[in-house]
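Heads up: the structure comes next, in structure tokens.
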Amino acid sequence: MKRTPEKNLYEQVARRLQGQVASGVYQPGDRVPSVRRLSVQFEVSVSTVIEAYRRLENQGVIEAKPQSGYYVRARLWQPPAQPAISQPLSSPTSVSVSALAMKVLKVSRDPDVLQLGVATPHFSFLPTRALNQILARIARHDHGRGCGYDFPPGSPELRQQIARRSADAGCQLSPDEIVTTSGCQEALSLCLRAVAKPGDTIAIESPAFYGTLQTIERLGMKALEIPTCPRKGVSLDALKLALERWRIRACLFVLSYSNPLGACMAEENRKRLVRLLAEHDVPLIEDDIYGDLGFSAKRPKAAKAFDRKGLVLLCSSFSKTLAPGYRVGWVVPGRYQEDIEHLKYVNTMATATLPQLAIAEFLDRGGYDRYLRKTRALYAANVERFTHAIARYFPEGTKVTQPAGGFVLWVELPGKADAIELRRRALVQKISIAPGPLFSAKQKYRHCIRITCAYPWGERVERALPILGRLAQEMV
Ligand SMILES: Cc1ncc(COP(=O)(O)O)c(C=O)c1O
């Protein structure tokens with residue numbers, strides 16, 4: 001069949017743009033040029049570009065977003081395989097990660113280094129201006145309260161706001177059940193001290209958040225790492241066996257979008273977990289810090305929602321969503337309320353007053369959900385882009401998690417790659433990553449790294465990821 005010249009033209013335009021997508025000029029989630037702009041770039045008519053875009057849309061290469069333009073479809077490519085369920089040491093062990101953690105902490109303060117090694121959102125993702133304005137206004141009109149102690153359980157205004165929001169996580173909390181803390185890290189530390197003593201064994205995920213590991217280390221407790229699936233979270237079958245075999249004093253798990261795996265436990269399994277621990281009378285310290293950061297509209301219920309015995313101690317903070325530097329977190333201690341209030345008092349006397357009041361007012365104004373919706377979409381797009389770049393630049397056989405929330409990726413490198421050495425070489429290039437050994441009691445996961453995606457996508461990241469990929473390539 002003889003083709004009309006016009007048809008030839010829009011096919012050519014479509015092919016050229018498709019080529020740019022295939023070669024990575026435009027990545028999944030990227031906006032492609034506007035119709036008008038492409039018509040100038042390719043020196044064709046506007047109607048030819050519209051036809052080309054329609055064709056690419058039909059082929060699933062791009063998608064139109066109302067009042068926004070055309071974007072490269074996110075799932076055009078096959079993401080790399082996910083790491084398999086972990087196989088940690090099967091007995092309780094002392095923990096030794098603190099020295100390595102302090103090294104990582106040191107570089108996290110260097111502004112010349114691209115911080116892909118810390119699980120902290122870049123300030124541009126946070127409502128910094130709005131929060132600071134509220135805090136400044138409260139400070140200006142303060143008649144002394146802001147400079148005074150806010151003794152445990154902490155600011156009533158903030159506890160009321162947290163209680164109101166708790167229904168989203170399936171809990172019906174009253175403000176009296178909540179104790180505010182200086183971040184989630186303090187909440188976790190208070191809980192560990194409330195439920196266990198030196199020498200006791202704490203069951204944790206594997207790999208696990210290194211803040212938890214360090215606390216266990218400094219409290220002289222032992223960690224029992226439980227096999228964990230990157231999608232479903234901690235294995236309940238393995239936990240059941242461990243409970244029968246060892247004297248486990250408490251469990252400390254991140255059930256929603258864990259750090260570093262990004263795993264999210266299904267609701268049925270959360271119920272099963274709470275039941276299992278109730279049977280053994282073992283408390284669960286539930287770290288829910290990423291619970292608000294799922295990529296789908298429905299927020300997971302906290303395990304606390306199924307707790308009938310007061311055995312779940314729910315911990316969280318606003319560090320991943322609003323302001324890590326405000327240091328505002330909280331704990332719902334269940335049957336350990338009195339102990340936790342006293343431990344909080346002994347530990348830091350009180351949580352700083354002004355940041356609590358500012359966050360309470362921010363929540364009261366009602367913009368938090370809108371802000372969360374926007375930020376979650378940004379993190380989802382970034383996770384996709386980072387994954388795409390890793391698939392493209394890292395050695396063949398690299399495995400990457402596919403989190404459904406949060407903003408970190410766990411990357412398992414093939415062959416003999418060494419994460420500590422990779423970190424050292426990356427730092428020479430002014431890029432920081434978190435090496436896998438940080439995430440286990442005895443520094444396992446030497447071939448793994450964690451990368452944060454809560455950094456704005458742009459030139460700096462686009463330059464860094466191929467460099468990381470090349471460095472990893474050199475090692476395998
Ligand atoms: C899983 C997890 N829990 C707790 C914390 C500590 O949170 P905060 O800064 O509120 O103390 C972090 C921070 O990285 C985290 O990833």
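A compact table of results
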{"item": "Mean-position separation - Cα centroids, region 129-162 and region 290-359, in angstrom", "result": "17 Å"}
{"item": "Region 242-385 pair-distance distribution - Cα-Cα, 5 Å bins, rounded %", "result": "2, 8, 15, 19, 19, 16, 11, 6, 2, 0, 0"}
{"item": "Listed residues P260, G469, G366: farthest to the positive end of the dipole of the chain (Cβ charges)", "result": "G469"}
{"item": "Share of pairwise Cα separations in region 142-368, more than 24 Å, in percent", "result": "39 percent"}
{"item": "Debye, to nearest 20: dipole size of the chain, +1 on Lys, Arg Cβ, -1 on Asp, Glu Cβ", "result": "1020 debye"}
{"item": "Percentage relative contact order, region 142-368, counting C-alpha pairs under 8 Å, at least six apart", "result": "29 percent"}
{"item": "Spherically averaged projected area in nm², based on the convex hull that wraps the Cα atoms of the chain", "result": "25.3 nm²"}
{"item": "Signed unit charges on C-beta, dipole axis of the chain, positive-most listed residue I204, A352, H122", "result": "H122"}
{"item": "Accessible area of region 142-368 belonging to carbon and sulfur atoms, whole % at 1.4 Å probe", "result": "51 percent"}
{"item": "Using distinct alpha-carbon pairs, which all enter the 1/r mean, Kirkwood radius of region 149-215 in Å", "result": "13.9 Å"}
{"item": "Amide proton proximity set for L114, modelled H, under 5 Å, gap of 5+", "result": "I431, S432"}
{"item": "Nitroxide proxy distance, nm - points 7 Å out along Cα→Cβ at V35 and Q67", "result": "1.8 nm"}
{"item": "Relative packing of 315-327, 120-132, which averages over residues the other C-beta atoms within 10 Å, highest first", "result": "315-327, 120-132"}
{"item": "Simple Cβ-charge dipole of region 5-72, Lys/Arg +1 and Asp/Glu -1, about Cα centre, in debye nearest 20", "result": "80 debye"}
{"item": "Once the Cα gyration tensor of region 5-72 is diagonalised, semi-axes √(5λ) in Å", "result": "17, 13, 11"}
{"item": "Gained length - R137 relative to S23, 0.36 nm times residue gap less alpha-carbon distance", "result": "36.0 nm"}
{"item": "Charge-dipole axis of the chain as Lys and Arg at +1 and Asp and Glu at -1 on Cβ define it, positive-most pick from P435, L89, G29", "result": "G29"}
{"item": "Whole-number accessible area per residue in Å² for the chain, which is evaluated in the context of all protein chains at 1.4 Å", "result": "45 Å²"}
{"item": "Burial order of peptide ranges 288-301, 24-37 (average beta-carbon count within 10 Å, highest first)", "result": "288-301, 24-37"}
{"item": "FRET E, pair E244, R15, Förster distance 60 Å, beta-carbon r, rounded to 0.05", "result": "0.45"}
{"item": "Relative packing of 384-390, 190-196, which averages over residues the other C-beta atoms within 10 Å, highest first", "result": "190-196, 384-390"}
{"item": "Euclidean distance between Cα centres, region 408-470 to region 215-230, Å", "result": "22 Å"}
{"item": "Charge dipole magnitude, Cβ of K and R +1, D and E -1 - region 142-368, Cα centre, debye nearest 20", "result": "500 debye"}
{"item": "Span per principal axis, largest first, for the Cα atoms of region 112-166 (Å)", "result": "41, 30, 19"}
{"item": "Whole-Hz couplings from phi, Karplus 6.51/-1.76/1.60, listed for region 454-469; x for Gly and Pro", "result": "8, 10, x, 5, x, 3, 4, 6, 5, 7, 6, 5, x, 5, 4, x"}
{"item": "Region 34-193 - percent relative contact order, Cα under 8 Å, separation 6 or more", "result": "9 percent"}
{"item": "Theoretical gain in end-to-end length, D176 to R370 [0.36 nm per residue, Cα-Cα removed]", "result": "67.1 nm"}
{"item": "Cα-projected label distance for L427 with D110, points at 7 Å along beta-carbon direction, nm", "result": "0.6 nm"}
{"item": "Calculated log₁₀ intensity ratio I(q)/I(0) where the Debye formula runs over C-alpha points of region 305-346, q = 0.15, 0.29 Å⁻¹", "result": "-0.46, -0.94"}
{"item": "Rg [Å, one decimal], Dmax [Å, integer] - region 200-288, C-alpha atoms", "result": "11.9, 34"}
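The values are calculated or read from the model by the stated rules, or taken from the named source; none is laboratory data. Since the model is a prediction, treat every value here as computed from it, not as a measurement. Backbone-built Cβ (ideal geometry, glycine too); neighbour counts: all protein chains shown. Ligands, DNA and RNA are excluded from the accessible area calculation, which covers all protein heavy atoms including side chains. Shrake-Rupley method; radii C 1.70, N 1.55, O 1.52, S 1.80 Å.
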